[in-house]
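One structure below.
Here, each number is a calculation from the coordinates, and none is a lab measurement. None of these values were measured; they are calculated from a predicted model. Neighbour counts run over all protein chains shown; Cβ positions are idealised from the backbone, glycine included.
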Amino acid sequence: MPNSIKVLAAGSLRLAWSTLCDTFKEETGNSVVTEFGPAGLLRERIEQGEKVDLFASANTAHPLSLQQHGKALSVETFCGNSLCVTARKGPELEKLNWLSVLLDPRFRLATSTPQSDPSGDYTWQMFELIERRHPDAGATLRNKALRLVGGEKSPKVPEGKLAAEWLICTGQADVFIGYTSYATLLRENDQLEVFNIPADYNVRANYALATCTEKAKPLADFILSDKGQHILQNAGFCGRDSVMRD
């Protein structure tokens with residue numbers, strides 16, 4: 001598709017992205033070709049010279065870095081996310097809360113990979129918040145965390161699977177820290193228990209678009225429009241307005 005808009009997008013956007021792009025094509029006739037991956041690794045590809053029209057990142061730092069290096073025309077925050085804890089359901093979870101589940105030595109804790117994937121960065125930021133309130137607890141979590149996805153050499157999560165579901169249901173981990181936007185789908189799996197993380201411990205993930213060519217501007221405008229925002233909110237993300245107010 002030589003005239004299509006080429007996008008590199010954070011993997012956590014995958015479930016919402018097809019609806020966004022299908023609706024955009026219906027309205028404009030313009031098609032979108034998207035490749036998903038950990039946002040940090042995608043940013044590196046653009047920095048190394050890969051041509052792309054739009055970059056949708058799970059943080060603002062990567063798009064701003066591209067703009068500072070002359071590889072993006074503009075950067076806009078477009079939605080938000082947060083973290084939740086998913087665990088294998090069982091009687092051992094009784095009377096445990098989200099933090100005691102993370103700290104329980106019986107459970108293998110998995111995360112995404114910091115620096116390569118913003119999900120891992122946000123998780124490490126949460127460990128810092130935990131450390132301030134519970135000395136040594138954050139350090140314990142950093143030491144026990146298995147960085148099983150989101151890295152350059154990490155195995156790819158199978159198509160159609162969520163990282164938490166795949167890692168826990170295949171026995172690679174007992175607990176996973178990931179994005180709240182997946183919580184509704186994860187709760188549909190009767191093998192899993194999902195714990196919300198209180199706001200004073202949680203970390204807000206602000207997603208941003210780097211518009212790299214003029215060709216991508218109509219798509220960026222659509223994502224920021226009321227219709228685009230509604231699609232993202234239906235997929236479990238916070239809307240741009242709520243992100244900008246925080």
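Can you work out the FRET efficiency for the pair Asp190 and Thr77, with r the C-beta to C-beta distance and R0 = 41 Å, to the nearest 0.05?
Step by step, r from the Cβ atoms, then E = 0.70.
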Simple SL model, points at 7 angstrom along Cα→Cβ for Asp221 and Ser100; separation in nm is 5.5 nm
Length gained, His134-Asp200, 0.36 nm per residue minus C-alpha separation, equals 22.4 nm
Beyond 29 Å (Cα-Cα) in this structure, taken from Lys25/Lys71; Lys25/Lys51; Lys153/Lys217; Lys25/Lys89; Lys89/Lys161, we find Lys153/Lys217; Lys25/Lys89
Restricted to segment 83-196, the DSSP antiparallel beta bridge percent, nearest 5, is 65 percent
Simple spin-label estimate for Asn234/Lys153, 7 Å along Cα→Cβ, in nm, reads 4.2 nm
The answer for Leu192, listing residues at least 5 apart or on another chain whose modeled amide H is closer than 5 Å to its amide H, is Lys89
In the chain the DSSP beta bridges are antiparallel at a rate, in percent to nearest 5, of 60 percent
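Rounded, prolate or oblate: which fits the chain when a ≥ b ≥ c are the square roots of the eigenvalues of the alpha-carbon gyration tensor, with rounded for a/c under 1.5 and prolate only if a/b beats b/c?
Working: a/c = 1.93, a/b = 1.75, b/c = 1.10.
Note, shape of the chain comes out prolate.
Please list, by residue number, every one of the GluC sites (Glu not before Pro) in segment 184-214 that is coil in DSSP and has at most 14 other beta-carbon atoms within 10 Å.
On the way: sites: Glu188, Glu193, Glu214; in loops: Glu188.
The qualifying sites are Glu188.
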Summing -39500 (n - 2.57) over every DSSP H run of at least 4 in the chain, dividing by its residue total and rounding to the nearest 500, the 222 nm mean residue ellipticity is -11000 deg cm²/dmol
Listed with the fewest Cβ neighbours within 10 Å leading, Lys227, Lys6 appear as Lys227, Lys6
With DSSP loop assignment and no more than 13 other C-beta atoms within 10 Å, the trypsin sites (Lys or Arg not before Pro) in segment 118-200 are Lys153, Lys156, Lys161, Arg187
